[in-house]
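Everything on this sheet refers to the single structure shown next.
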Amino acid sequence: MPTVQLGQHAAASQLIVHISDTHYLSEGRALYDRVDTDRTLQRALAQLELTGLQPSAIVLTGDITDRGEPDAYRRVRDQVEIAADRLGATVVWVMGNHDERSAFRTELLREAGTAEPVDRVFDIGGLRIIALDTSVPGFHHGDVSEQQRAWLADVLSSPAELGSILALHHPPVPTPLHLMNILELREQDSLAEVVAGSDIRAILGGHLHYATTGMFAGIPVSVAAATCYTMDLSAPERELTGVDGGQSINLVNVYADQVTHSVVPIGAFKPVSGFNSDFLDRMEELSADERTEAFSRQV
Ligand SMILES: [Fe+2]
Ligand SMILES: [Fe+2]
């Protein structure tokens, strides 16, 4: 971990890991008979542990399972919880359109199963994470009911110490994938009225299966791609083409005055450059001017 500030920004106060669309199936079955959903998620969790980073939360923005099967929930829960325990992170599960509220509650949250929306608030060291259920039972599009909007307005009526992050499945941003517009979050204007001017500093979403960013009611929106399969935006325009490649997760760094969202590809890649920790120690020992000479000046 760095001990000296080398630039203008103090280190992030928190790191949130943003994972989406794991789409697990019962008994470890492959999605579409060929996508190994467990392999990429396990690899992503292993990569996180190798970094030595200490995330305060792991937020999974929905479509945790593909069909709401209880044993699929238990499998993904166990894998994520084991990693989260080792990392010291709180797990925030968010409902998606492929999820089933009752099994989501009983298996992931270990609560009694009900069909009510799964809306939750977490206090992560002063940072408020709000999990909002945008699912509509029986459908794949998203919506936020009037009661949920009233609940959210009430939560937001008092600001949190470090502000809020809103986590939901259906992101309130446009998509160039024509068909996905049918499955968008409905009544976005009504949600915008609730979140505009609040202490929400970022909105985390999923559902699209590709990483993207946008703005909603003046709030930055970041969508994490899926860990299962991704949408190929370079495929012919009128098709919706899922591919077994390009899976990633996002690292969300929460700074005093900004929140950044960084995409981390899942996989083992051969390093082609880098610096060892001795070099970093030396840089930290130098003055700012010496560092500029030693590391910034072109040779
Ligand atoms: Fe999905
Ligand atoms: Fe989805």
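Nearest 500 deg cm²/dmol is fine: what mean residue ellipticity at 222 nm does the chain get from its DSSP H runs of n ≥ 4 alone, each adding -39,500 (n - 2.57), divided by its residue count? Spell out each step's value before the answer.
On the way: 6 runs with 65 residues, N = 299.
-6500 deg cm²/dmol, from helical runs alone.
Over the stretch 14-270, what is the percentage of antiparallel beta bridges among all DSSP beta bridges, to the nearest 5?
On the way: 26 of 49 bridges.
Of the beta bridges lying entirely in the stretch 14-270, close to 55 percent run antiparallel.
Just report the Cα centroid separation between the stretch 258-296 and the stretch 49-106, whole Å.
Each part reduced to its Cα centre gives a spacing of 31 Å.
How tilted is helix 70-87 with respect to the longest principal axis of the chain? Cα atoms for both, answer in degrees (0 to 90, nearest 10).
In the chain, helix 70-87 runs at an angle near 20 degrees to the longest axis.
Could you state the number of Å between the C-alpha centres of the stretch 155-177 and the stretch 211-257?
15 Å
Go ahead and set up a Gaussian network model of the chain, Cα springs under 10 Å, then flag whichever of Leu168, Leu48, Leu132 fluctuates most.
Leu48
Putting +1 on Lys and Arg Cβ atoms and -1 on Asp and Glu Cβ atoms, find which of Ala84, Ser102, Pro172 reaches farthest to the positive end of the dipole of the chain.
Ranked along the dipole, the leading option is Ala84.
Of the residues Met215, Met95, Met283, which exhibits the maximal mean-square fluctuation in a Gaussian network model of the chain defined by a 10 Å Cα contact cut-off?
The residue with the greatest mean-square fluctuation here is Met283.
With equal scatterers on the alpha carbons only and no solvent term, can you work out the Debye log10 of I(q)/I(0) for the chain at 0.08, 0.12 1/Å?
Result of the Debye calculation: -0.37, -0.80.
Highest GNM mean-square fluctuation, the chain, Cα pairs closer than 10 Å: which of Arg67, Arg105, Arg86?
Arg86
List, largest first, the extents of the alpha carbons of the stretch 7-157 along their principal axes, each in whole Å.
Extents along the principal axes, in whole Å: 50, 43, 26.
Any idea how far apart Glu81 and Phe295 come out in nm if each label point goes 7 Å out from Cα toward Cβ?
Using points 7 Å along Cα→Cβ, the separation is 4.1 nm.
Compute the helix-to-body angle for 37-51: its Cα long axis versus the longest principal axis of the chain, expressed 0 to 90° and rounded to tens.
With both axes taken from Cα atoms, the answer is about 30 degrees.
I'd like the orientation of helix 146-156 relative to the chain: the angle between its Cα long axis and the longest Cα principal axis, in ° from 0 to 90, rounded to 10.
30 degrees
In whole percent, what relative contact order does the stretch 1-58 give with Cα contacts below 8 Å and a gap of six or more residues? Walk me through the intermediate numbers first.
On the way: 31 pairs, mean separation 24.5, N = 58.
It comes to 42 percent, rounded to a whole number.
For the chain, what is the relative contact order in percent, using Cα pairs closer than 8 Å and at least 6 residues apart in sequence? Walk me through the intermediate numbers first.
Working: 616 pairs, mean separation 56.3, N = 299.
Relative contact order here is 19 percent.
Only four residue types carry charge here, +1 at the Cβ of Lys and Arg and -1 at the Cβ of Asp and Glu. Report the dipole size of the chain about the Cα centre in Debye, rounded to the nearest 20. Kindly include the intermediate steps, with their values, before the conclusion.
Details: 22 positive and 42 negative charges, 72 e Å.
With only Lys, Arg, Asp and Glu charged at Cβ, the dipole is about 340 debye.
Any idea what the alpha-carbon Rg over 2.2 N^0.38 Å comes to for the stretch 1-86? Walk me through the intermediate numbers first.
Values: Rg = 15.8 Å, N = 86, 2.2 N^0.38 = 12.0 Å.
That works out to 1.32 for the stretch 1-86.
Any idea what the relative contact order of the stretch 205-296 is, in percent, if you count C-alpha pairs under 8 Å spaced at least 6 apart?
Working: 112 pairs, mean separation 15.7, N = 92.
Once divided by the residue count of the stretch 205-296, the mean separation gives 17 percent.
With equal scatterers on the alpha carbons only and no solvent term, can you work out the Debye log10 of I(q)/I(0) for the stretch 85-204 at 0.16 1/Å?
Reported log10 I(q)/I(0), two decimals: -0.81.
Taken together, the values in this text are just the output of simple stated rules run on the coordinates, not laboratory data. Model, not experiment: these values are computed from the prediction. Note that we place each Cβ from the backbone using ideal geometry, even for glycine, and neighbour counts take in every protein chain shown.
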